[in-house]
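What follows is a set of notes on a single structure, which appears directly below.
The values are calculated or read from the model by the stated rules, or taken from the named source; none is laboratory data. No experiment lies behind these values; they were computed from the predicted model shown. Glycine also receives a Cβ, built like all others from the backbone with ideal geometry; neighbour counts cover every protein chain displayed. What goes into the accessible areas is simple: the full protein's heavy atoms, side chains included, and nothing from ligands, DNA or RNA. Shrake-Rupley method; radii C 1.70, N 1.55, O 1.52, S 1.80 Å.
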Amino acid sequence: MTPINLMDALAKRLQDLLTDYTAEQPSGTVPVTVYPGYIPVQNNAAEKKSFVYVLVVETDDRAGNDKSIAVVELGFSIYDADGTDGWRSLYNVVEHVRQDLLKYRFVNMKFRLDLEKPIVFK
């Protein structure tokens, strides 16, 4: 397993999963973008983007193991201008991703999410 392939595969899966999710911006409706690795540097502050990033933060590939292990961090930033209930948009996207990861434990038929370890959201 290579961490880059895992990040790319998981980012593609989440992008497909989140195609129906959008954010209302001053310029119009903007889709939620999923980035493998770090998000690109934003050159202007005109609009706040909605995005998810997929980042491998730890790997374990000890000699003698029959498998490699990677710890993946998912970061969420969802823009919603509603000052009262806008936070619900973020939790809605996070829960949608969480349920998908619990339901479909394989990514690209190449990577398996560990069934013994929980999915932790902080």
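Hey, can you tell me all the residues within the stretch 85-112 that are in a loop (DSSP other than H, G, I, E, B), open to solvent by less than 100 Å² (accessible area, probe 1.4 Å) and modelled with pLDDT of 85 or more? Of everything in the stretch 85-112, those that are in a loop (DSSP other than H, G, I, E, B), open to solvent by less than 100 Å² (accessible area, probe 1.4 Å) and modelled with pLDDT of 85 or more turn out to be ASP85, ARG105.
Filter the stretch 62-77 for residues that are assigned to a loop (DSSP other than H, G, I, E, B) and either at pLDDT 90 or above or of a type in the set (S, T, N, Q) (or both) and give the result. Within the stretch 62-77, ASN65, SER68 qualify. Of the candidates PHE111, PHE106, PHE51, the single residue that is in contact with a helix residue (DSSP H, G or I) (Cβ under 6 Å, 6 or more places away or on another chain) and not β-branched (Val, Ile, Thr) is PHE111. Within the bounds of the stretch 14-34, is there any residue that is modelled with pLDDT of 95 or more and of a type in the set (D, E, K, R)? Within the stretch 14-34 (the criterion being modelled with pLDDT of 95 or more and of a type in the set (D, E, K, R)), the answer is yes, since at least one residue qualifies.
Just so you know, in the stretch 72-84 the residues that are under 13 Å from the mean Cα position of the chain (by Cα) and of a type in the set (Val, Ile, Thr) include one that is most open to solvent (accessible area, probe 1.4 Å), and it is VAL72.
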